Amino acid sequence: MDSRIPGFYDEDRETRTATVAERCGLADDAVEALETGGDVELADRLSENVVGRIGYPLSVATNFVVDGADVLVPMAIEESSVVAAASHGAKLAREAGGFETDVSGPYMLGQIQAVDVADPHAARGRVLDAREDVRALANDQGVLVSHGGGCDDVTARVVDTPTGEQVVVHLVVDVCDAMGANAVNTMTEAVAPLVEDLTGGEVSLRVLSNLADRRLARARCRVAPADLDHDETDRSGEQVRDHIVDAWAFAAGDPYRAATHNKGVMNGVDAVALATGNDWRAIEAGAHAYAARDGYGPLSTFEVDADGYLSCSIELPMQVGTVGGTTSSHPTASAAMEVLDVESADDLAGVFAAVGLAENLASLRALVSEGIQTGHMKLHAKNVAAQAGAPDDLVDEVAARLVAEEDVRAGRARDLVEELTE
Ligand code: NAD
(Lines give C-alpha, C1' and ligand atoms only; values in the text may rest on other atoms or scores of the structure.)
Protein backbone atom coordinates (compact mmCIF):
# COMPACT_ATOMS: atom_id res chain seq x y z
CA MET A 1 0.00 0.00 0.00
CA ASP A 2 1.31 3.43 -0.96
CA SER A 3 0.19 6.37 1.21
CA ARG A 4 1.47 8.89 -1.33
CA ILE A 5 -1.55 10.01 -3.38
CA PRO A 6 -0.61 13.12 -5.38
CA GLY A 7 -3.59 15.42 -5.96
CA PHE A 8 -5.80 13.55 -3.46
CA TYR A 9 -7.09 16.84 -2.04
CA ASP A 10 -8.19 17.95 -5.53
CA GLU A 11 -10.35 14.90 -6.20
CA ASP A 12 -14.08 14.91 -5.48
CA ARG A 13 -15.21 13.23 -2.28
CA GLU A 14 -16.51 10.06 -3.97
CA THR A 15 -13.20 9.52 -5.79
CA ARG A 16 -11.24 10.00 -2.56
CA THR A 17 -13.41 7.47 -0.73
CA ALA A 18 -13.05 4.98 -3.60
CA THR A 19 -9.25 5.43 -3.64
CA VAL A 20 -8.98 4.76 0.10
CA ALA A 21 -11.34 1.77 -0.15
CA GLU A 22 -9.29 0.32 -2.97
CA ARG A 23 -5.89 0.87 -1.34
CA CYS A 24 -7.02 -0.44 2.05
CA GLY A 25 -9.19 -3.27 0.70
CA LEU A 26 -12.35 -2.04 2.45
CA ALA A 27 -15.60 -3.98 2.06
CA ASP A 28 -18.81 -2.13 1.12
CA ASP A 29 -20.13 -2.08 4.70
CA ALA A 30 -16.90 -0.43 5.93
CA VAL A 31 -17.19 2.20 3.19
CA GLU A 32 -20.82 2.81 4.18
CA ALA A 33 -19.77 3.18 7.83
CA LEU A 34 -17.15 5.79 6.83
CA GLU A 35 -19.73 7.71 4.82
CA THR A 36 -22.65 7.61 7.25
CA GLY A 37 -20.91 7.79 10.64
CA GLY A 38 -23.23 5.23 12.26
CA ASP A 39 -26.92 5.64 13.01
CA VAL A 40 -28.97 7.33 15.72
CA GLU A 41 -29.85 4.01 17.42
CA LEU A 42 -26.14 3.40 17.98
CA ALA A 43 -25.76 6.93 19.35
CA ASP A 44 -28.66 6.25 21.72
CA ARG A 45 -26.85 3.19 23.07
CA LEU A 46 -23.52 4.98 23.56
CA SER A 47 -24.65 7.92 25.70
CA GLU A 48 -27.56 9.22 27.78
CA ASN A 49 -30.42 11.62 26.97
CA VAL A 50 -29.55 11.34 23.27
CA VAL A 51 -31.65 13.46 20.90
CA GLY A 52 -29.59 13.17 17.72
CA ARG A 53 -26.07 13.10 16.33
CA ILE A 54 -23.52 15.67 15.15
CA GLY A 55 -21.41 14.94 12.09
CA TYR A 56 -17.68 15.62 11.94
CA PRO A 57 -15.71 15.50 8.69
CA LEU A 58 -13.81 12.21 8.47
CA SER A 59 -10.67 12.68 6.37
CA VAL A 60 -7.61 10.66 5.46
CA ALA A 61 -4.10 12.09 5.79
CA THR A 62 -1.65 10.93 3.15
CA ASN A 63 2.14 10.49 2.87
CA PHE A 64 2.77 8.79 6.23
CA VAL A 65 5.56 6.25 6.52
CA VAL A 66 5.72 4.87 10.06
CA ASP A 67 8.46 2.37 10.96
CA GLY A 68 9.05 1.63 7.30
CA ALA A 69 5.41 1.01 6.36
CA ASP A 70 3.10 3.32 4.46
CA VAL A 71 -0.09 4.13 6.34
CA LEU A 72 -3.17 6.19 5.50
CA VAL A 73 -4.36 7.99 8.62
CA PRO A 74 -8.06 8.60 9.34
CA MET A 75 -8.70 11.93 11.09
CA ALA A 76 -12.01 13.36 12.33
CA ILE A 77 -11.86 17.10 12.91
CA GLU A 78 -13.91 20.18 12.10
CA GLU A 79 -10.98 22.64 12.00
CA SER A 80 -9.69 23.34 8.51
CA SER A 81 -5.95 22.96 7.76
CA VAL A 82 -5.28 20.21 10.32
CA VAL A 83 -5.46 17.29 7.87
CA ALA A 84 -3.56 19.24 5.21
CA ALA A 85 -0.83 20.08 7.74
CA ALA A 86 -0.50 16.45 8.89
CA SER A 87 -0.17 15.30 5.27
CA HIS A 88 2.39 18.02 4.58
CA GLY A 89 4.43 17.20 7.71
CA ALA A 90 4.36 13.53 6.72
CA LYS A 91 5.58 14.42 3.23
CA LEU A 92 8.51 16.40 4.66
CA ALA A 93 9.43 13.45 6.90
CA ARG A 94 8.92 10.94 4.08
CA GLU A 95 11.79 12.39 2.04
CA ALA A 96 14.25 11.11 4.69
CA GLY A 97 12.52 7.80 5.45
CA GLY A 98 9.45 8.82 7.48
CA PHE A 99 8.89 8.33 11.19
CA GLU A 100 10.51 5.87 13.56
CA THR A 101 8.52 5.13 16.68
CA ASP A 102 8.75 3.16 19.90
CA VAL A 103 6.47 2.68 22.84
CA SER A 104 7.42 2.03 26.46
CA GLY A 105 4.76 -0.68 26.84
CA PRO A 106 1.02 -0.79 27.50
CA TYR A 107 1.11 -0.06 31.23
CA MET A 108 -1.68 1.92 32.86
CA LEU A 109 -1.83 2.97 36.49
CA GLY A 110 -4.79 2.48 38.82
CA GLN A 111 -4.95 4.50 42.04
CA ILE A 112 -6.50 3.53 45.37
CA GLN A 113 -6.70 6.40 47.86
CA ALA A 114 -6.70 5.71 51.61
CA VAL A 115 -7.56 8.60 53.95
CA ASP A 116 -7.59 8.89 57.76
CA VAL A 117 -4.56 6.62 58.02
CA ALA A 118 -3.01 6.76 61.52
CA ASP A 119 0.62 6.26 60.48
CA PRO A 120 0.80 6.70 56.68
CA HIS A 121 4.47 5.70 56.31
CA ALA A 122 4.01 2.47 58.30
CA ALA A 123 0.83 1.74 56.31
CA ARG A 124 2.72 2.22 53.08
CA GLY A 125 5.27 -0.33 54.28
CA ARG A 126 2.51 -2.86 55.06
CA VAL A 127 1.06 -2.44 51.55
CA LEU A 128 4.48 -2.97 49.97
CA ASP A 129 5.05 -6.10 52.12
CA ALA A 130 1.70 -7.46 50.89
CA ARG A 131 2.09 -6.35 47.27
CA GLU A 132 1.92 -9.96 45.98
CA ASP A 133 -1.49 -10.44 47.69
CA VAL A 134 -2.77 -7.16 46.24
CA ARG A 135 -1.50 -8.11 42.79
CA ALA A 136 -3.06 -11.58 42.97
CA LEU A 137 -6.42 -10.14 44.05
CA ALA A 138 -6.35 -7.65 41.16
CA ASN A 139 -5.68 -10.48 38.72
CA ASP A 140 -8.41 -12.67 40.26
CA GLN A 141 -10.93 -10.42 38.47
CA GLY A 142 -10.10 -12.28 35.26
CA VAL A 143 -9.79 -9.15 33.14
CA LEU A 144 -6.76 -8.94 30.81
CA VAL A 145 -5.00 -12.04 32.21
CA SER A 146 -6.38 -14.25 29.44
CA HIS A 147 -4.91 -11.78 26.90
CA GLY A 148 -1.44 -12.06 28.43
CA GLY A 149 -1.72 -8.93 30.58
CA GLY A 150 -2.93 -8.06 34.07
CA CYS A 151 -1.56 -6.38 37.18
CA ASP A 152 2.27 -6.57 37.02
CA ASP A 153 3.27 -4.57 40.05
CA VAL A 154 1.97 -2.68 43.09
CA THR A 155 3.54 0.47 44.50
CA ALA A 156 2.47 2.79 47.31
CA ARG A 157 3.13 6.45 48.07
CA VAL A 158 2.43 8.84 50.90
CA VAL A 159 0.99 11.97 49.31
CA ASP A 160 1.04 15.26 51.17
CA THR A 161 -2.29 16.98 50.46
CA PRO A 162 -4.06 20.14 51.72
CA THR A 163 -6.11 17.92 54.05
CA GLY A 164 -3.14 15.94 55.34
CA GLU A 165 -1.15 12.87 54.34
CA GLN A 166 -2.89 10.14 52.34
CA VAL A 167 -1.69 6.70 51.31
CA VAL A 168 -2.05 6.14 47.57
CA VAL A 169 -1.60 2.64 46.17
CA HIS A 170 -0.82 2.22 42.47
CA LEU A 171 -1.61 -0.87 40.43
CA VAL A 172 0.70 -1.12 37.41
CA VAL A 173 -1.39 -2.92 34.82
CA ASP A 174 -0.39 -4.38 31.47
CA VAL A 175 -3.56 -3.61 29.48
CA CYS A 176 -2.34 -5.29 26.24
CA ASP A 177 -4.32 -3.85 23.32
CA ALA A 178 -7.02 -2.04 25.33
CA MET A 179 -7.07 1.58 26.45
CA GLY A 180 -7.66 -0.10 29.77
CA ALA A 181 -9.76 2.31 31.85
CA ASN A 182 -12.61 -0.09 32.54
CA ALA A 183 -10.24 -3.00 33.11
CA VAL A 184 -8.07 -1.03 35.55
CA ASN A 185 -11.08 0.45 37.36
CA THR A 186 -12.46 -3.06 37.91
CA MET A 187 -9.15 -4.03 39.54
CA THR A 188 -8.88 -0.92 41.75
CA GLU A 189 -12.38 -1.52 43.10
CA ALA A 190 -11.63 -5.20 43.74
CA VAL A 191 -8.48 -4.58 45.81
CA ALA A 192 -9.97 -1.68 47.82
CA PRO A 193 -11.09 -3.79 50.84
CA LEU A 194 -7.61 -5.34 51.13
CA VAL A 195 -5.97 -1.90 50.90
CA GLU A 196 -8.36 -0.69 53.63
CA ASP A 197 -7.30 -3.61 55.88
CA LEU A 198 -3.62 -3.04 55.18
CA THR A 199 -3.65 0.72 55.75
CA GLY A 200 -6.18 0.79 58.59
CA GLY A 201 -7.66 3.87 56.91
CA GLU A 202 -10.70 4.44 54.77
CA VAL A 203 -10.49 3.83 51.03
CA SER A 204 -12.22 6.51 48.97
CA LEU A 205 -11.25 6.90 45.30
CA ARG A 206 -10.53 3.79 43.19
CA VAL A 207 -9.83 4.81 39.61
CA LEU A 208 -7.16 4.86 36.94
CA SER A 209 -4.72 7.74 36.47
CA ASN A 210 -4.68 9.46 33.10
CA LEU A 211 -1.07 10.51 33.68
CA ALA A 212 -0.04 7.38 31.79
CA ASP A 213 3.71 7.90 32.14
CA ARG A 214 4.36 4.15 31.94
CA ARG A 215 2.81 4.17 28.48
CA LEU A 216 4.93 6.65 26.53
CA ALA A 217 4.92 6.83 22.75
CA ARG A 218 7.88 8.36 20.93
CA ALA A 219 8.35 9.35 17.31
CA ARG A 220 11.33 10.76 15.44
CA CYS A 221 11.95 12.08 11.94
CA ARG A 222 14.44 14.29 10.12
CA VAL A 223 14.12 16.81 7.33
CA ALA A 224 16.82 18.07 4.94
CA PRO A 225 17.06 21.89 4.81
CA ALA A 226 16.41 21.81 1.05
CA ASP A 227 12.98 20.32 1.74
CA LEU A 228 12.12 23.31 3.94
CA ASP A 229 12.59 25.84 1.12
CA HIS A 230 9.32 27.47 0.25
CA ASP A 231 8.34 29.51 -2.81
CA GLU A 232 6.28 32.02 -0.87
CA THR A 233 9.16 33.47 1.15
CA ASP A 234 12.74 34.36 0.39
CA ARG A 235 14.05 32.38 3.38
CA SER A 236 16.48 29.57 2.69
CA GLY A 237 15.84 26.06 3.96
CA GLU A 238 18.62 26.54 6.52
CA GLN A 239 16.97 29.71 7.78
CA VAL A 240 13.58 27.98 8.05
CA ARG A 241 15.26 25.07 9.90
CA ASP A 242 16.97 27.44 12.36
CA HIS A 243 13.76 29.41 12.95
CA ILE A 244 11.92 26.15 13.70
CA VAL A 245 14.54 25.37 16.34
CA ASP A 246 14.09 28.91 17.73
CA ALA A 247 10.31 28.36 17.76
CA TRP A 248 10.79 25.16 19.77
CA ALA A 249 13.14 27.03 22.14
CA PHE A 250 10.46 29.71 22.58
CA ALA A 251 8.00 26.98 23.67
CA ALA A 252 10.64 25.45 25.96
CA GLY A 253 11.12 28.82 27.67
CA ASP A 254 7.57 30.17 27.75
CA PRO A 255 4.43 28.29 28.85
CA TYR A 256 2.21 30.76 26.95
CA ARG A 257 3.84 29.54 23.74
CA ALA A 258 4.15 25.92 24.92
CA ALA A 259 0.37 25.67 25.37
CA THR A 260 -0.18 26.64 21.72
CA HIS A 261 2.74 24.48 20.53
CA ASN A 262 1.15 21.48 22.25
CA LYS A 263 -2.32 22.42 20.99
CA GLY A 264 -0.84 22.01 17.50
CA VAL A 265 0.42 18.54 18.41
CA MET A 266 -2.97 17.58 19.86
CA ASN A 267 -4.84 18.84 16.75
CA GLY A 268 -3.45 15.77 15.00
CA VAL A 269 -3.58 13.35 17.92
CA ASP A 270 -7.19 14.18 18.87
CA ALA A 271 -8.37 13.88 15.27
CA VAL A 272 -7.01 10.33 15.00
CA ALA A 273 -8.51 9.54 18.42
CA LEU A 274 -11.95 10.76 17.36
CA ALA A 275 -11.80 8.86 14.07
CA THR A 276 -10.79 5.60 15.78
CA GLY A 277 -13.19 5.88 18.74
CA ASN A 278 -10.38 6.42 21.24
CA ASP A 279 -10.89 8.58 24.33
CA TRP A 280 -9.35 11.93 23.35
CA ARG A 281 -10.09 13.47 26.77
CA ALA A 282 -7.91 10.83 28.41
CA ILE A 283 -5.12 11.44 25.89
CA GLU A 284 -5.41 15.22 26.34
CA ALA A 285 -5.30 14.95 30.14
CA GLY A 286 -2.25 12.69 30.00
CA ALA A 287 -0.41 14.82 27.45
CA HIS A 288 -0.75 18.09 29.34
CA ALA A 289 0.00 16.54 32.73
CA TYR A 290 3.15 15.00 31.19
CA ALA A 291 4.08 18.33 29.57
CA ALA A 292 3.91 19.91 33.04
CA ARG A 293 6.14 17.37 34.83
CA ASP A 294 9.08 19.83 35.12
CA GLY A 295 7.15 23.05 34.59
CA TYR A 296 4.90 23.21 31.52
CA GLY A 297 6.85 22.73 28.28
CA PRO A 298 6.65 21.42 24.71
CA LEU A 299 5.97 17.73 24.06
CA SER A 300 8.26 17.77 21.03
CA THR A 301 11.88 18.79 20.44
CA PHE A 302 13.50 20.30 17.32
CA GLU A 303 17.27 20.37 16.87
CA VAL A 304 19.88 20.48 14.11
CA ASP A 305 21.70 17.15 13.74
CA ALA A 306 25.31 16.50 12.72
CA ASP A 307 24.33 16.39 9.00
CA GLY A 308 22.58 19.76 9.22
CA TYR A 309 19.13 18.13 9.04
CA LEU A 310 16.23 19.28 11.20
CA SER A 311 15.87 16.53 13.79
CA CYS A 312 12.34 16.27 15.22
CA SER A 313 11.13 14.11 18.09
CA ILE A 314 8.16 13.78 20.40
CA GLU A 315 7.34 11.85 23.57
CA LEU A 316 3.92 11.74 25.20
CA PRO A 317 1.68 9.33 27.12
CA MET A 318 -0.55 7.46 24.70
CA GLN A 319 -3.51 5.63 26.27
CA VAL A 320 -5.08 4.16 23.14
CA GLY A 321 -6.55 0.78 22.29
CA THR A 322 -7.33 -1.35 19.27
CA VAL A 323 -10.02 -3.24 21.25
CA GLY A 324 -12.69 -2.16 23.72
CA GLY A 325 -14.39 1.22 24.17
CA THR A 326 -16.08 2.52 21.04
CA THR A 327 -13.15 1.41 18.87
CA SER A 328 -14.79 -2.01 18.60
CA SER A 329 -18.45 -1.04 18.96
CA HIS A 330 -18.74 1.90 16.53
CA PRO A 331 -18.78 0.77 12.88
CA THR A 332 -17.14 3.98 11.66
CA ALA A 333 -14.32 3.68 14.21
CA SER A 334 -13.87 0.03 13.19
CA ALA A 335 -13.70 1.05 9.52
CA ALA A 336 -11.15 3.76 10.41
CA MET A 337 -9.10 1.07 12.17
CA GLU A 338 -9.23 -0.98 8.97
CA VAL A 339 -7.81 1.99 7.08
CA LEU A 340 -4.97 2.25 9.61
CA ASP A 341 -4.38 -1.51 9.58
CA VAL A 342 -2.26 -1.69 12.76
CA GLU A 343 -1.57 -4.89 14.67
CA SER A 344 -1.50 -3.76 18.29
CA ALA A 345 -2.18 -0.88 20.68
CA ASP A 346 1.58 -0.23 20.77
CA ASP A 347 1.67 0.14 16.98
CA LEU A 348 -1.38 2.40 17.13
CA ALA A 349 0.31 4.55 19.81
CA GLY A 350 3.33 4.94 17.51
CA VAL A 351 1.10 6.20 14.68
CA PHE A 352 -0.56 8.69 17.06
CA ALA A 353 2.86 10.05 18.08
CA ALA A 354 3.95 10.31 14.43
CA VAL A 355 0.79 12.25 13.54
CA GLY A 356 1.30 14.64 16.47
CA LEU A 357 4.88 15.28 15.32
CA ALA A 358 3.90 15.70 11.65
CA GLU A 359 1.22 18.21 12.62
CA ASN A 360 3.62 20.16 14.80
CA LEU A 361 6.39 20.14 12.17
CA ALA A 362 4.09 21.45 9.43
CA SER A 363 2.57 24.20 11.55
CA LEU A 364 5.98 25.38 12.80
CA ARG A 365 7.29 25.41 9.22
CA ALA A 366 4.37 27.58 8.16
CA LEU A 367 4.58 29.81 11.24
CA VAL A 368 8.26 30.64 10.70
CA SER A 369 7.84 31.30 6.98
CA GLU A 370 4.67 32.44 5.23
CA GLY A 371 2.54 32.31 8.41
CA ILE A 372 -0.46 30.06 8.93
CA GLN A 373 -3.22 32.41 7.85
CA THR A 374 -2.68 32.21 4.08
CA GLY A 375 -3.15 28.45 3.94
CA HIS A 376 -5.73 28.42 6.70
CA MET A 377 -7.95 31.05 5.10
CA LYS A 378 -7.71 29.30 1.72
CA LEU A 379 -9.07 26.13 3.30
CA HIS A 380 -11.51 28.07 5.45
CA ALA A 381 -12.96 29.98 2.47
CA LYS A 382 -15.75 27.43 1.86
CA ASN A 383 -16.94 27.84 5.47
CA VAL A 384 -16.92 31.61 5.09
CA ALA A 385 -18.89 31.33 1.83
CA ALA A 386 -21.49 28.99 3.36
CA GLN A 387 -21.86 31.17 6.47
CA ALA A 388 -22.41 34.20 4.22
CA GLY A 389 -25.46 32.42 2.78
CA ALA A 390 -24.02 31.02 -0.46
CA PRO A 391 -26.38 28.34 -1.81
CA ASP A 392 -24.78 24.86 -2.16
CA ASP A 393 -24.18 25.24 -5.89
CA LEU A 394 -22.32 28.55 -5.39
CA VAL A 395 -20.16 27.72 -2.36
CA ASP A 396 -17.15 26.61 -4.47
CA GLU A 397 -17.37 29.62 -6.76
CA VAL A 398 -17.66 32.16 -3.92
CA ALA A 399 -14.80 30.47 -2.06
CA ALA A 400 -12.59 30.47 -5.17
CA ARG A 401 -13.25 34.18 -5.72
CA LEU A 402 -12.45 35.00 -2.08
CA VAL A 403 -9.14 33.14 -2.36
CA ALA A 404 -8.28 34.69 -5.75
CA GLU A 405 -8.94 38.16 -4.33
CA GLU A 406 -6.92 37.28 -1.18
CA ASP A 407 -9.87 38.68 0.77
CA VAL A 408 -11.41 35.79 2.73
CA ARG A 409 -13.83 37.85 4.84
CA ALA A 410 -17.50 37.45 5.70
CA GLY A 411 -18.38 40.95 4.34
CA ARG A 412 -16.79 40.27 0.95
CA ALA A 413 -18.45 36.83 0.84
CA ARG A 414 -21.88 38.41 1.43
CA ASP A 415 -21.25 40.91 -1.41
CA LEU A 416 -20.28 38.07 -3.75
CA VAL A 417 -23.35 36.01 -2.80
CA GLU A 418 -25.55 39.02 -3.52
CA GLU A 419 -23.81 39.66 -6.83
CA LEU A 420 -24.04 36.02 -7.98
CA THR A 421 -27.65 35.45 -6.92
CA GLU A 422 -29.09 38.64 -8.40
P1 NAD B 1 -13.32 -2.19 27.55
O2 NAD B 1 -13.67 -2.65 28.91
O3 NAD B 1 -14.41 -1.92 26.58
O4 NAD B 1 -12.33 -3.23 26.86
C5 NAD B 1 -11.27 -3.86 27.49
C6 NAD B 1 -11.57 -5.33 27.55
O7 NAD B 1 -11.38 -5.89 26.23
C8 NAD B 1 -10.59 -6.06 28.42
O9 NAD B 1 -11.02 -6.08 29.75
C10 NAD B 1 -10.61 -7.45 27.81
O11 NAD B 1 -11.57 -8.25 28.42
C12 NAD B 1 -11.06 -7.26 26.36
N13 NAD B 1 -10.00 -7.61 25.38
C14 NAD B 1 -10.15 -8.37 24.28
N15 NAD B 1 -9.00 -8.51 23.61
C16 NAD B 1 -8.07 -7.83 24.28
C17 NAD B 1 -6.68 -7.56 24.07
N18 NAD B 1 -6.01 -8.06 23.03
N19 NAD B 1 -6.04 -6.76 24.95
C20 NAD B 1 -6.70 -6.22 26.01
N21 NAD B 1 -8.01 -6.44 26.27
C22 NAD B 1 -8.71 -7.24 25.41
O23 NAD B 1 -12.47 -0.87 27.56
P24 NAD B 1 -11.18 -0.39 28.34
O25 NAD B 1 -10.07 -0.31 27.36
O26 NAD B 1 -10.92 -1.15 29.60
O27 NAD B 1 -11.64 1.09 28.74
C28 NAD B 1 -11.78 2.09 27.73
C29 NAD B 1 -13.07 2.85 27.92
O30 NAD B 1 -13.15 3.37 29.25
C31 NAD B 1 -13.14 4.05 27.02
O32 NAD B 1 -14.41 4.06 26.40
C33 NAD B 1 -13.00 5.23 27.97
O34 NAD B 1 -13.68 6.37 27.46
C35 NAD B 1 -13.61 4.72 29.23
N36 NAD B 1 -13.24 5.32 30.52
C37 NAD B 1 -12.19 6.21 30.67
C38 NAD B 1 -11.88 6.72 31.91
C39 NAD B 1 -10.69 7.64 32.04
O40 NAD B 1 -9.93 7.82 31.11
N41 NAD B 1 -10.45 8.28 33.21
C42 NAD B 1 -12.60 6.32 33.04
C43 NAD B 1 -13.64 5.39 32.86
C44 NAD B 1 -13.95 4.89 31.60
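The values are calculated or read from the model by the stated rules, or taken from the named source; none is laboratory data. This is a predicted model, so every value here is computed, not measured. A quick note on method: Cβ atoms are made from the backbone with ideal geometry, for glycine too, and the neighbour counts reach across all protein chains shown. Just so you know, the surface numbers come from the protein's heavy atoms only, side chains and all, with ligands and any DNA or RNA stripped out. Shrake-Rupley method; radii C 1.70, N 1.55, O 1.52, S 1.80 Å.
Using a 10 angstrom cutoff on alpha carbons, build the Gaussian network for the chain and name the most mobile of GLY295, GLY68, GLY52.
GLY52
Quickly rank 161-167, 385-391 as a protection proxy: mean count of other C-beta atoms within 10 Å, highest first. Intermediate values should be presented prior to the final figure.
Working: 161-167: 13.7, 385-391: 17.3.
Ranked by mean Cβ neighbours within 10 Å, highest first: 385-391, 161-167.
Could you order ARG409, ARG45, ARG218 so the one with the most accessible surface comes first? Probe is 1.4 Å. Each step should come with its number before you reach the end.
Values: ARG409 125, ARG45 175, ARG218 70 Å².
Most to least solvent-accessible, the answer reads ARG45, ARG409, ARG218.
Among 81-89, 55-63, how do they line up from the highest to the lowest mean number of other beta-carbon atoms within 10 Å?
81-89, 55-63
Calculate how large, on average over all directions, the projected area of the Cα convex hull of segment 326-417 is; give the answer in nm² to one decimal.
Details: hull surface 34.1 nm².
Directional mean of the projected Cα hull area for segment 326-417 stands at 8.5 nm².
Would you work out what percent of the accessible area of the chain, with all protein chains in place, is carbon or sulfur (probe 1.4 Å)? Display every interim value, and only then the final one.
Details: 9220 of 19700 Å².
That share works out to 47 percent.
Based on the Cβ-Cβ distance from VAL51 to GLU79, what FRET efficiency comes out when R0 is 41 Å, to the nearest 0.05?
Efficiency computed from Cβ-Cβ geometry: 0.95.
Between GLU370 and ASP119, take the C-beta separation as r, use R0 = 56 Å, and let me know the FRET efficiency to the nearest 0.05. Show your work: numbers first, answer last.
On the way: r = 63 Å, r/R0 = 1.13.
Step by step, r from the Cβ atoms, then E = 0.35.
Sort GLU196, GLU303, GLU422 by accessible area with a 1.4 Å probe, largest first. Walk me through the numbers before you get to the answer.
On the way: GLU196 65, GLU303 90, GLU422 180 Å².
I get GLU422, GLU303, GLU196, largest accessible area first.
Contact order normalised by length for segment 99-184, with contacts defined as Cα pairs under 8 Å and 6 or more residues apart; what percent is it?
Working: 131 pairs, mean separation 34.7, N = 86.
Relative contact order comes out at 40 percent.
Cα-based Rg of segment 107-208 per 2.2 N^0.38 Å, rounded to two decimals? Walk me through the intermediate numbers first.
On the way: Rg = 12.9 Å, N = 102, 2.2 N^0.38 = 12.8 Å.
Dividing the Cα Rg of segment 107-208 by 2.2 N^0.38 Å gives 1.01.
Compute the relative contact order of the chain as a whole-number percentage, counting only Cα pairs closer than 8 Å that sit 6 or more residues apart in sequence. Before the final figure, lay out the partial values.
Details: 817 pairs, mean separation 80.6, N = 422.
Once normalised by length, the contact order is 19 percent.
Check which residues have an amide H placed less than 5 Å from ALA61's amide H, if you skip close sequence neighbours.
VAL73, MET75
Quick one: Debye curve from the alpha-carbon atoms of segment 375-421 only, equal weights, vacuum; give me log10 I(q)/I(0) at q = 0.16, 0.20, 0.30, 0.33 Å⁻¹ to two decimals.
Summing over Cα pairs of segment 375-421 leads to -0.30, -0.47, -1.09, -1.33.
Label points 7 Å out from Cα along the Cβ direction at ARG293 and ALA306: separation in nm?
2.7 nm
Using only the C-alpha atoms of the chain, find the volume of their convex hull and express it per residue in Å³. Could you put the intermediate results ahead of the total?
Working: hull volume 74.9 nm³, N = 422.
Taking only Cα atoms, the chain has a hull volume of 177 Å³ per residue.
What are the semi-axes of the equivalent ellipsoid for segment 222-313, taken as the square roots of 5 times the Cα gyration tensor eigenvalues, largest first, in whole Å?
27, 17, 11
Tell me, what is the per residue accessible area of the chain in Å², probe radius 1.4 Å? Intermediate results must be reported in sequence, preceding the final value.
Values: 19700 Å² over 422 residues.
Here the per-residue accessible area is 47 Å².
Can you grab the distance from the C-alpha centre of segment 15-91 to the C-alpha centre of segment 106-145, Å, no decimals?
Rounded to whole Å, the Cα centres lie 40 Å apart.
Place +1 on the Cβ of every Lys and Arg and -1 on the Cβ of every Asp and Glu in segment 266-422, take the dipole about the Cα centre, and give the residue among ALA287, VAL417, SER363 whose Cα lies farthest towards its positive end.
Among ALA287, VAL417, SER363, the one farthest towards the positive end of the dipole of segment 266-422 is ALA287.
How do the peptides 333-341, 23-31 rank, highest first, by the average count of neighbouring beta carbon atoms within 10 Å per residue?
On the way: 333-341: 21.0, 23-31: 14.6.
Result, highest mean first: 333-341, 23-31.
Mind listing the phi-derived Karplus ³J(HN,Hα) values for segment 204-211, rounded to whole Hz, using 6.51, -1.76 and 1.60 with θ = phi - 60°, and x for any glycine or proline?
10, 6, 9, 7, 5, 9, 8, 7
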